[in-house]
Amino acid sequence: MNFSSIPFLWFLAAFLMLYGLCPPRWRRLLLLTGSVVFMALGSVIDALWALLFAVVNFILGICIQRTSQRKLTMALAVAVNVIALTTFKLVHALPVGISFYTFAFITYLVDIGRGDLTAEYDLVRFANYSFFYPKLLMGPITRYGELGVDMDRPRISAAGLQNGLERFVTGFAMKVFIADKLAILWNELVKTGFESLPVPLAWLGAFSFSIQLYIEWQSYTNMAVGIASMLGYRLPQNFNYPYLARSIGDYYRRWHMTLTRWFKDYVYIPLGGSRAGTVRTVVNILIVWLLTSLWHGVGWNFLLWGMSLGVFIVIEKLWLNPLLARSKVLSHIWVLFLIPLTWVCFKIEDIAELGVYFSRLFPFFGTDGNVVEGVFWMYLKQFAVYLILGVLFSFPLPEKLIHRFGKTWVGSVALAAIFWWAVYELNRSGNNPFMYLNF
C-alpha cells in the first residue's frame, strides 16, 4: 500500500488511534499486526513472502549463533538470501520491498557471524524489526542494533508526535505537489517521442527527472521517519541534500545513505577497501557499483548507470578530487552536468530508446526524428513552478523553516492547511505510486 494514497491515510489514522489507546504491554503485538495488515492490504502474496523470509532468517540467525562453524553458517545463510533475491529479479516477479528487507536480513546475519550481535530468540521482536511498516517498502535499511533491540521500548513523547507529524506532512506535500507534478513532464516527453525532442527540452527532461527522483525519495523518507517518530521510534536519515555535493563520490555519500553504508560496511571494507593499493581500490569500487547496479535491476541500463558512476568515482579518486576541492564552481558544474545524465540511464530501460534520448542531448551527428520546435518554452512555462519548488526543496532552507515555525500555532495551522490541500489534490488527481517500489 502506497504512503501517498487515500487508503493509507485512513489506515494510518486508524492505527495511530488504536496504538495510542492500546496498553503499553500489548503495543508490540499491535505493531506486528498492523504491519502485516499494511502489507496484506497491498498484496497478500507479498505479505506471505515477507513472512516467510522473516521466519527463515529468524531460524538462520539462531543457527549461526549456536554453531561452532559460525563463519561458514553465516556464509550459507547469506547465500540463501542472495539466491532468493536474485531469482526474483531474474524472473521479474519482485515482492514489494524485498530488496530492502533482504539487505536488512543480510546485515542481521553478518553481524551475528562477526560477533557484533547476539541472535534474537524472541520471534515477535524480530518480526517487528522485519515488518516495521514505515521502513518496510523502501527503507531506510536499518541494522538490528539500531531498531530491533528497542522494538519493545517505544519512546512516545509529545515532541516525537509533533516532529513526526511535521515530517510526515512535509513529505506528503512534497510528493503530491512536486514529485507527482514533475512526473507528468517526463510522461509528456515519452508521449511526444524522444526522437522528436529539441535539445533544450531533452535537457529540461533530464534535469526535471533528477529533481523528481530526489524529491520523491526524500518525501518517502520524511513520511517514514515521521510515522516512526509518532510511534516512538527513530529511523536513520537516508539523504543529506545530495545536490550540495562537490563530487560524484560526495553525491553518493549523501544519497540513499543507508544503502551506501550497507555496501561500504558489508562489501567494500571486507574486500579490502582502499587499504590494499591503488589497483585493488579501483577494483573494489567497481565491484561495489556492479553490485549496486544489479540490486536495482537486471538490465543493461542499470549496468550502464552503475558502472558509469563507478568509473566517475575512480577518476575523481585518482585525479580529479584535488581540482574539484579547489573550485566550488567547477565542482558543482561537474555534479550538475553528470548526475542528470546518469539518471537518464537509470530511467530509460530500453537501450535503443536510451540511445535516441542521448542523441537529442548531444545532437552532434544529427537525428532521424522530426523535431517538434517551440515546445520547450511551453513545457518550461507549464512546469516552472514545480521545478522551482523542486530546486528549493533540494536544499536545506525550506525544511529548516518548516522545522523552526512548525511548532508555532501559525505554523501548525499552515501545516494542517497544506495537508488537507494535498489530500484534496491527491483525491482529485489520483494515486501516483513511488517509483522505487519497483525495486
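The values are calculated or read from the model by the stated rules, or taken from the named source; none is laboratory data. Because the structure is predicted, anything quoted here is derived from the model rather than measured. Here the Cβ is made from the backbone with ideal geometry for all residues, glycine too, and neighbour counts use every protein chain on show.
Go through the range 394-439 and give me each residue that's at pLDDT below 85, not in a loop (DSSP other than H, G, I, E, B) and not hydrophobic (A, V, I, L, M, F, W, C).
Within the range 394-439, Ser429, Tyr436, Asn438 meet the criteria.
Could you list, in sequence order, the residues of the range 240-263 that are under 13 Å from the mean Cα position of the chain (by Cα) and of a type in the set (S, T, N, Q)?
Of everything in the range 240-263, those that are under 13 Å from the mean Cα position of the chain (by Cα) and of a type in the set (S, T, N, Q) turn out to be Asn240, Thr258, Thr260.
Evaluate the following for Pro134: is it more than 19 Å from Phe58 (Cα to Cα) and assigned by TED's automatic domain parsing to the domain that holds Thr33?
Yes.
What about Trp26, is it among the aromatic types (Phe, Trp, Tyr), in a helix (DSSP H, G or I), at pLDDT below 95 and closer than 24 Å to Leu231 by Cβ?
Here the answer is yes, as Trp26 does meet what is asked.
Checking the structure you have, find out if any residue of the range 189-208 is at pLDDT 95 or above, under 28 Å from Pro398 (Cα atoms) and among the hydroxyl-bearing types (Ser, Thr, Tyr).
yes
Starting from residues that are among the β-branched types (Val, Ile, Thr) and surrounded by fewer than 18 Cβ atoms within 10 Å (Cβ to Cβ), keep the ones in the range 182-213 and report whichever is farthest from Ala352 (Cα to Cα). Reasoning before the result, please.
Step one: list which residues in the range 182-213 are among the β-branched types (Val, Ile, Thr), which gives 184, 190, 192, 199, 211.
Now restrict to residues that are surrounded by fewer than 18 Cβ atoms within 10 Å (Cβ to Cβ): 184, 190, 192, 199.
On the way: Ile184: 23, Val190: 14, Thr192: 16, Val199: 18 Å.
Filtering the range 182-213 for residues that are among the β-branched types (Val, Ile, Thr) and surrounded by fewer than 18 Cβ atoms within 10 Å (Cβ to Cβ), the one farthest from Ala352 (Cα to Cα) comes out as Ile184.
Of all the residues that make up the range 222-249, how many are within 19 Å of Lys264 (Cα to Cα) and either in the same structural domain as Leu29 (by TED's automatic domain parsing) or out of contact with any Pro (no Cβ under 8 Å at 6 or more places or on another chain) (or both)?
7
Starting from residues that are more than 28 Å from Ala173 (Cβ to Cβ) and either within 24 Å of the chain's Cα centre (by Cα) or not assigned by TED's automatic domain parsing to the domain that holds Val78 (or both), keep the ones in the range 1-39 and report whichever is surrounded by the most Cβ atoms within 10 Å (Cβ to Cβ).
Filtering first and then ranking leaves Leu32.
Condition test on Glu120, is it of a type in the set (Asp, Glu) and in a helix (DSSP H, G or I)?
no
In the range 214-248, how many are part of a helix (DSSP H, G or I) and buried (at least 20 other Cβ atoms within 10 Å of the Cβ)?
Residues meeting the conditions: 20.
Any residue at all in the range 327-341 that is at pLDDT below 95, aromatic (Phe, Trp, Tyr), closer than 29 Å to Phe302 by Cα and surrounded by 14 or more Cβ atoms within 10 Å (Cβ to Cβ)?
No, every residue in the range 327-341 fails to be at pLDDT below 95, aromatic (Phe, Trp, Tyr), closer than 29 Å to Phe302 by Cα and surrounded by 14 or more Cβ atoms within 10 Å (Cβ to Cβ).
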